Amino acid sequence: MRNYAVYVLLRQEQIIEPVTTEPCETGWATEAIFFLTVHKKHQSTSAIVARSQISADGINWIDNDSPPLIITDTGTYAMKLRDFGGWLRLTIKGSEGSLGCVITSQLSLKE
Amino acid sequence: MGVTLSCISTMSEQYNMMQPDMYNPLKRILSYDNFDSGLQGWMALVPNLREDAMEYYPGHEWKTKWGFPMISSGTFGLGGTHGALSGNYAMKLFTRPVHIPAEEEPRNGSLGVAIKRMTIPMHTTLLRFEMWYAIKVEQSRPGVGEHDFRGFGFVWDIQDDQYRYFPGIRYINSANGVLQKRWQYSNAEQADAETWGTKAQSAKTEDGKVVFIKKGIDPYWLGRRFPNGETDGFVSIEGGDQELCFNESSDKYNWHYLSFTFNLQTRQYVDLVTNGKQFDLSGLGVTLVDPYPRINNLLNPIMWVETDADRRSFLFVDSIVCSYE
């Protein structure tokens, strides 16, 4: 039976500055989905941009080549990933600098 | 009964798969966790949810950011992959890179906490927790980082027919950058109820009364703290000084054996064995707290790691055996 786990990266967290989620070790998994739920969004935030990053060692990070999530409204969104290697994390920022929102984010991993 | 026998059989089969000399369990195996097949019940510790909304109680937000357990291969940039003591994967518990002075309450992820949830088996007198563990800080800057690793620990969260209590042990390695290197046992008798910790609404009783956090509960983050790393929740063991094998480089770590035994009938400590030394804890007791609602017969093993700098600290656990007789 395949292994499966969800790591909760942000729990209904109020975000006003760009954030980077904790490094997650993903070497055992072949599928990953970042789920991102925007519970509230301040009007001054034009769009929330969430981008996945990969790493060989959990220290040095580069942008993944998958397209980012660009979120303009509340709701739940998903970023599906493969070929991500042993480490994943998510960066979240405002498209025009301003950021004000409440977010839950989970990383869903499957062997 | 059939289900129970089936479970014991499965556990025995798992135990037989262990390398036989890795552990020294009591007669009955309660759980065997080898993290090559997932986290096996170990998960993040999060606050209780409100009754009226899928939200946390106001004032509990600081408890939503603890580091959580994940499956780890122990991979470093220049050293490559450690793997585990047995197999390729261990459970890794991490802190966030958040520096909180030793005299202040932990918050914002300065601890990483993992919990598994069980209940007490029938006819349990002795309870033993064993693990193979390693400690390290993140290789995010030059230096071994020994002064940046504050400590780690283990407690049972137990509620029997009369009391709730938290027998456990803590290794305090460094406090505000000063090495300490000693073992402590969980006991909050020196604390007082007023300064024990944040008073916050939590689980309610059947008649709707609010329950507040009582002295002795959750000693890994509650109680006053001091610059030398002492806290109101733990007492240093007499003769408890010990050097662990931290290693000479920031990308090398060594596996240590640990065994912690507690007597549920007398509610007293038995011993701690780790890194080639036995610490006699006989005669030492725990702080007994009136029972909480809805957790009768609770038996939760909990472990945590603490950072002493704005640098992630890690507790790696190859495997765990909980046993009883």
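When chain B is treated as a GNM with alpha-carbon contacts under 10 Å, the residue of B:56, B:133, B:171 showing the greatest mean-square fluctuation is B:56. Across all directions, the shadow cast by the convex hull of region B:102-182 built on its C-alpha atoms averages 7.8 square nanometres.
Expressed as a whole percentage, what fraction of the accessible surface of chain A belongs to carbon and sulfur atoms when a 1.4 Å probe is rolled over the protein heavy atoms?
48 percent
For residue A:77, the residues whose modelled amide H falls within less than 5 Å of its own, excluding neighbours fewer than 5 places apart on the same chain, are A:36, A:37, A:38. Note on region A:4-110: semi-axes of the ellipsoid equivalent to its C-alpha gyration tensor, largest first and rounded to whole Å, are 23, 14, 11. Hydrodynamic estimate: the Kirkwood radius of region B:204-325 over Cα pairs, inserted into Stokes-Einstein at 10 °C and 1.306 mPa s, corresponds to D of 89 µm²/s.
As a fraction of the 1.4 Å probe accessible area of chain B, surface on carbon and sulfur atoms comes out at 51 percent. For the residues of B:71-80, the average number of beta carbons from a partner chain within 10 Å of their own beta carbon is 4. Cross-link check: pairs A:40/B:136; B:65/B:214; A:41/B:92 evaluated at a Cα-Cα cut-off of 28 Å; pairs beyond the cut-off: A:40/B:136; A:41/B:92. Among B:214, B:63, B:277, the residue with the largest mean-square fluctuation in a Gaussian network model of chain B, with springs joining Cα atoms closer than 10 Å, is B:277.
Looking at region A:41-88, the trypsin sites (Lys or Arg not before Pro) that sit in a DSSP loop and have at most 13 other Cβ atoms within 10 Å of their own Cβ are A:82. In whole percent, what relative contact order does chain B give with Cα contacts below 8 Å and a gap of six or more residues? This gives 29 percent for chain B. For chain B, the Cα gyration tensor yields ellipsoid semi-axes of 28, 26, 20 Å (square root of five times each eigenvalue, largest first, whole Å).
On the basis of the beta-carbon distance and an R0 of 25 Å, residue B:48 and residue B:273 show a calculated FRET efficiency of 0.10. Total Å² of accessible surface buried at the B-A contact, 1.4 Å probe, nearest 100? Using a 1.4 Å probe on protein heavy atoms, the buried area is about 1800 Å². Within region A:39-71, the residues that become at least 30 Å² less accessible when every protein chain is included than when their own chain is isolated (1.4 Å probe; DNA, RNA and ligands ignored) are A:57, A:59.
Annotation: per residue accessible area for region A:2-111 equals 48 Å², rounded to a whole number [probe 1.4 Å, protein chains only]. Note on residue B:249 and residue B:162: their simple-model spin labels are 5.5 nm apart, each label 7 Å out from Cα toward Cβ. Computed over Cα pairs, the Kirkwood radius of the protein assembly as shown leads via Stokes-Einstein (0.692 mPa s, 37 °C) to a diffusion coefficient of 145 µm² per second.
If you plug the beta carbon distance of residue B:105 and residue B:22 into 1/(1 + (r/R0)^6) with R0 = 30 Å, you get a FRET efficiency near 0.25.
With protein chains left intact and a 1.4 Å probe, residues in chain B average 41 Å² of accessible area per residue.
The values are calculated or read from the model by the stated rules, or taken from the named source; none is laboratory data. Small disclaimer: the values here were computed from a predicted structure and weren't measured. Cβ atoms come from the backbone with ideal geometry, glycine included; neighbour counts cover every protein chain shown. Quick note on the areas: whole protein, heavy atoms, side chains included, nothing else; ligands and nucleic acids left out. Shrake-Rupley method; radii C 1.70, N 1.55, O 1.52, S 1.80 Å.
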